[in-house]
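Participant: Got a structure for you, written out below as structure tokens; questions coming shortly.
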Amino acid sequence: MLEKAKRLISPSLRSNVPPFIVMDVMAAAARIEAAGGRVIHMEVGQPAASAPSTALAAARTALSGSYLGYTEALGIPSLRRRIAGHYAEQYGFSVDPARIVVTTGSSGGFILAFLAMFEAGDRIALANPGYPPYRHILSALGCEPVLIQTSAETRWAIPSEALLAEHRRKPLKGLVIASPANPTGTMMEAAALRALIEVAEAESIRVISDEIYHGLDYALPAETAARLSPNTVVVNSFSKYFCMTGWRVGWLVAPEVLVRPIERLQQNLAISVPTLSQIAAEAAFDGRDEMEAVKHGYEENRRILLEALPKIGLDRFLPVDGAFYLYADVSRFTDDSIDFAKRMLEQAGVAATPGLDFDPLHGKEFLRFSYAGSAADMREAVARVGKWLGRETA
Ligand SMILES: Cc1ncc(COP(=O)(O)O)c(C=O)c1O
């Protein structure tokens, strides 16, 4: 009887995706705070600022007046037009609104894109280190994530030769690129991005470009893959630049041929993206001045960290090009960044994310610091960690 019940309720193998270690860090930080301690949060990958006031005002108006029913599966037409217009404003080239699909965050976009592009068993190349849900969503969908190691020589992007070598070993069907990337914050120069897309597409490897951190670039301008090839699928979101993580709204720029299949998937999987969030997202484009001010805050935080971290011995980190992440090599202090992060939280009150979340191969040597908080917090974090490491600055 017990055996039968077990068979009935046992979870599927595909649901056996790993958890996020950062959630453990957040839970430990919450315990310290509940006991009256103060923690500086550099573990969470989300803006501290709220959505643009234009988005909030549009949502309030919609709540008091509109009937918030379902929308078209591809999204509210005026929002799709506005997103297409964003490509003209931001990158200076036009995208047909018919190619825009509104999604539940970029996370929802990945599920739709992967389902529309790949069969179970297909092999998809990903950069290591990288954002863990790429591999976890792919494996839950029955695809095979293939990690390609990146290094300083190629500014932590997948080199074309490594992609080709893996493809020759066993054919790849897809490639996910992110610039700026999470956890590294590194970006690909436009020429490198173009070269990688050309090499992939010449081999019929389909490219997905995660552009969620576009707008948050400090060292070099971000190029969109949509300009480089009409065959790539671009994934983007209102979560980061527009500070709207909890609103769960993002978008795809899809090749025409994929739009109808994605529409059918969306109709069946979600019907449509929350209407209130779509209305707010459309108005968010009118709040760019506020978001630029938030971005200047990240720039200042980045400047503080770049100047102060080397003074406390944290002088080995990847190029801090974009997003709001600094990925630091802590191997001179530890061979176990989970333990290091735990002690840094308990003893210095600074929370950061162990690299193992993003890199199953070398993550024990790295910590990711998010600098999406306040400048005062950045200064205090450096002072606390410096003291803890016995390397006080001044
Ligand atoms: C690289 C990257 N892609 C996608 C996402 C998912 O974001 P959302 O679903 O909120 O758009 C995140 C979130 O942290 C991310 O870092």
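Participant: I'd like the full set of residues that are touching a residue at least 40 places away in the same chain (Cβ under 8 Å), away from the ligand (no atom under 16 Å from the Cβ), outside any strand (DSSP E or B) and not β-branched (Val, Ile, Thr), limited to the range 315-342. Before the answer, list the steps.
Facilitator: First pass over the range 315-342, keeping only residues touching a residue at least 40 places away in the same chain (Cβ under 8 Å): 318-328, 333, 338, 341-342.
Then keep just the ones that are away from the ligand (no atom under 16 Å from the Cβ); that gives 319, 328, 333, 338, 341-342.
Remaining after also requiring outside any strand (DSSP E or B): 319, 333, 338, 341-342.
Listed by number, the residues that qualify are PRO319, PHE333, ALA341, LYS342.
Participant: If you don't mind, there's one more thing I want to ask. Applying the selection to the range 65-90, what residues are of a type in the set (Ser, Thr, Tyr) and either within 16 Å of the ligand (Cβ to nearest atom) or modelled with pLDDT of 95 or more (or both)?
Facilitator: Matches in the range 65-90: TYR70, THR71, SER78, TYR87.
Participant: Of the residues in the range 120-158, how many are open to solvent by 30 Å² or more (accessible area, probe 1.4 Å) and without any contact (Cβ under 8 Å) to a residue 24 or more places away in the chain?
Facilitator: Counting residues in the range 120-158 that are open to solvent by 30 Å² or more (accessible area, probe 1.4 Å) and without any contact (Cβ under 8 Å) to a residue 24 or more places away in the chain gives 7.
Participant: Look through GLY313, GLY349 and report the one residue that is over 22 Å from SER151 (Cα atoms) and in contact with a Lys or Arg (Cβ under 8 Å, 6 or more places away or on another chain).
Facilitator: Testing whether each residue is over 22 Å from SER151 (Cα atoms) and in contact with a Lys or Arg (Cβ under 8 Å, 6 or more places away or on another chain) leaves just GLY349.
Participant: What are the residue pairs meeting all of these: first residue in the range 202-219, first residue closer than 12 Å to GLY174 by Cβ, second residue modelled with pLDDT of 95 or more and part of a strand (DSSP E or B), Cβ atoms under 6 Å, and 6 or more apart or on different chains?
Facilitator: Correct list of pairs: ILE205/LEU175; ARG206/GLY174; VAL207/LEU175; ILE208/VAL176; ILE208/VAL233; SER209/ILE177; SER209/VAL234.
Matching residues to (1) assigned to a loop (DSSP other than H, G, I, E, B); (2) within 16 Å of the ligand (Cβ to nearest atom):
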site	(1), (2)
LEU163	no, no
VAL176	no, yes
ASN182	yes, yes
ALA191	no, no
ARG194	no, no
GLU198	no, no
SER204	yes, no
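Participant: Then there's this: Report the residue count in the range 59-99 for those that are more than 23 Å from GLY109 (Cα to Cα) and touching a residue at least 12 places away in the same chain (Cβ under 8 Å).
Facilitator: Within the range 59-99, the first condition is being more than 23 Å from GLY109 (Cα to Cα), and the residues that meet it are 60-67, 92.
Subset that is touching a residue at least 12 places away in the same chain (Cβ under 8 Å): 62-63, 66.
Going through the range 59-99 one residue at a time, the tally reaches 3.
Participant: I would also like to ask the following. Return the total of residues in the range 345-365 being touching a strand residue (DSSP E or B) at 6+ places or on another chain (Cβ under 9 Å), open to solvent by 30 Å² or more (accessible area, probe 1.4 Å) and assigned to a helix (DSSP H, G or I).
Facilitator: Total meeting the criteria: 3.
Per-residue answers, yes or no, for (1) within 21 Å of the chain's Cα centre (by Cα); (2) modelled with pLDDT under 95; (3) surrounded by fewer than 19 Cβ atoms within 10 Å (Cβ to Cβ):
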site: GLY287; (1), (2), (3): no, no, no
site: GLU292; (1), (2), (3): yes, no, yes
site: ASN301; (1), (2), (3): yes, no, no
site: GLU307; (1), (2), (3): no, no, yes
site: LEU318; (1), (2), (3): yes, yes, no
site: PHE324; (1), (2), (3): yes, no, no
site: ARG343; (1), (2), (3): no, no, yes
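Participant: Ok, one more. Check whether at least one residue in the range 366-388 is at pLDDT below 95, buried (at least 24 other Cβ atoms within 10 Å of the Cβ) and part of a helix (DSSP H, G or I), and report yes or no.
Facilitator: Scanning the range 366-388, I find no residue that is at pLDDT below 95, buried (at least 24 other Cβ atoms within 10 Å of the Cβ) and part of a helix (DSSP H, G or I), so the answer is no.
Participant: In addition: Give me a count of the residues in the range 231-253 that are open to solvent by less than 10 Å² (accessible area, probe 1.4 Å), outside any strand (DSSP E or B) and within 10 Å of the ligand (Cβ to nearest atom).
Facilitator: Here the count works out to 4.
Participant: Do we find a residue being touching a Pro at 6+ places or on another chain (Cβ under 6 Å) and in contact (Cβ under 8 Å) with a residue 60 or more places away in the chain anywhere in the range 271-287?
Facilitator: Scanning the range 271-287 turns up at least one residue that is touching a Pro at 6+ places or on another chain (Cβ under 6 Å) and in contact (Cβ under 8 Å) with a residue 60 or more places away in the chain.
The values are calculated or read from the model by the stated rules, or taken from the named source; none is laboratory data. The model shown is predicted, which means the values in this text are computed figures rather than measured ones. Backbone-built Cβ (ideal geometry, glycine too); neighbour counts: all protein chains shown. These area figures cover heavy atoms from the full protein model, side chains too; ligands, DNA and RNA do not enter into them. Shrake-Rupley method; radii C 1.70, N 1.55, O 1.52, S 1.80 Å.
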